[in-house]
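The values are calculated or read from the model by the stated rules, or taken from the named source; none is laboratory data. These numbers were taken from a predicted model, which means no experiment stands behind them. We place every Cβ from the backbone using ideal geometry, glycine too, and count neighbours over all the protein chains shown. Accessible surface is based on the protein model in full, side chains and every heavy atom, while ligands, DNA and RNA are left aside. Shrake-Rupley method; radii C 1.70, N 1.55, O 1.52, S 1.80 Å.
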Amino acid sequence: MCRAFSGLIALLLTAPVVSAEAVDTSLRPVARGEARQTPAAVPPEEEVVARAATLTDSAFAPALSLRPTLRPAALQAEAALSARITGTQAGFAAWVQEFRPRALDQGVRAETFYRAFKDVAFDRKVVERDRNQSEFTKTIWVYLDSAASDARVRNGKAALRKYSKLLQRIEADYGVQKEVVVAIWGLESAYGTFRGSTPVIQSMASLAYDARRGEFFEEQLVDALKILQQGDTTPDRLQGSWAGAMGHTQFMPGSFQRLAVDHDGDGRRNIWDDDPADALASTANYLKSNGWKTGVPWGVEVTLPKGFDYLEAKREITRLPSAWARKGVVGVDGEPVKDFGPASVLLPAGHQGAAFLIFDNFEVIETYNTADAYVIGVGHLADRIAGGAPIKGNWPRDDRALTFKERIELQKRLTAAGFDTEGIDAKIGPLTVEAVRNFQRSKGLVPDGYASPAILKRLR
């Protein structure tokens, strides 16, 4: 995950088996041949894993930043993702020999290297996944419909009951609410049923050889080799998603090395096997290490008053909820939100969608995966598992998500019109949101920063 998309996953539910909802397209695409590891007592469940679909070089580095940089300056994503794949098995074999001394210089023993690479080959499909991942796009409401579906909520409550003693100990040790840990587990691997079956050494080596993000994946590969060297697992069990995210809560190798813990005391940090203890405790440790504040929510749904100044709906503008209440921003029950700490207003679908006051723990979850949809998905699923109500606000359901090419076009047209997005990367991050907001102001539109198909049409 684990930066941390970043995180990931096994569960034999004691609750009665319930019928799952229809399987939806995953935000973390599953490579062909990636088996679903589904314990017999667990109902099948749609997969909503997002981390591999939002991987960035900064995505798994909590030691460097609590809130990773969202947009590399002037990244030409269109060219990078469409570049032709030129890798071959012969070229890969030569790269492995070239990489070997670098790995040994970083503390990997020769016997570890030999054992790990004994049957490894270039995996072109993994590279194709990496090149195509930005096409996987959903609207926030479609994502949340799946992330907090009735099936996922039911299975989360069942997991909370089944592992109540374990989760209570983890909450006591790390100060992270057990429902949040369970929600991450639910989104990353559907409570252990989608842990991934792609060999991590092979996928990391293939992506390092590909060179589009070679330096990042070579670092992850070295960490994966050290996982084997430490004896945390064996080469045949070192499996995960196509992008290298591993186990119940989908840790990337680098995040595993920094933040995984041996909760059950067996001498191994084992996040791969059916027992989820080490994985769930590692997830709590990850959040705590990134600044989790006990007793503070990720966010609270609110209603905005008529005439609300949408220029104030920015992450950098924070006030105590009591101060927001004086401006008419209150909970959906009509009461002021409790003063948990400074909060900002978030409008993930603009002024026509639900509104939230978000707190510091929003940024902590964001270190696991930088996508706002993922953070809201984790937070809302946790709230539902704890007995909370569905989101009450409406969504602009007639809208659709912009495609990758449309996001590129939006940024180019905004910049050409004098509203610089400071990079063309297809990511609707803070700089693009601000550019959209400024364009909206110039046209007399509600300046909510929402990058909709209507805005792109207006720019055209």
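Laid out as a table, the results:
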item: Percent of Cα pairs exceeding the 16 Å cut-off, where the set is the range 252-319; result: 63 percent
item: Sequence of Leu104, Leu221 from largest to smallest accessible area, 1.4 Å probe; result: Leu104, Leu221
item: Flagged links, alpha-carbon separation over 21 Å, of Lys118/Lys226; Lys314/Lys412; Lys293/Lys338; Lys392/Lys443; Lys338/Lys392; result: Lys314/Lys412; Lys392/Lys443
item: Between the range 189-238 and the range 294-345, the alpha-carbon center distance in angstrom; result: 41 Å
item: Extension gain, Arg397 back to Glu312 (0.36 nm per residue minus Cα-Cα distance, nm); result: 28.2 nm
item: Amide H contacts under 5 Å for Phe356, placed H, 5+ residues apart; result: Val302, Leu346
item: Additional length obtainable on full extension of the chain from Asn132 to Lys405, 0.36 nm per residue less Cα span; result: 97.1 nm
item: Of Phe359, Val332, Ile385, farthest towards positive along the dipole that unit charges on Lys, Arg, Asp, Glu beta carbons give the range 327-442; result: Val332
item: Rg over Rh, two decimals, the range 198-326 (C-alpha only, Kirkwood Rh); result: 1.17
item: For the range 312-323, 3J(HN,Hα) per residue [Karplus equation, 6.51 cos²θ - 1.76 cosθ + 1.60, θ = phi - 60°, Hz, x = Gly/Pro]; result: 8, 8, 10, 4, 7, 9, 10, 8, 5, x, 5, 6
item: Linear extension gain, Gln230 paired with Asp339, 0.36 nm per residue minus alpha-carbon span; result: 34.7 nm
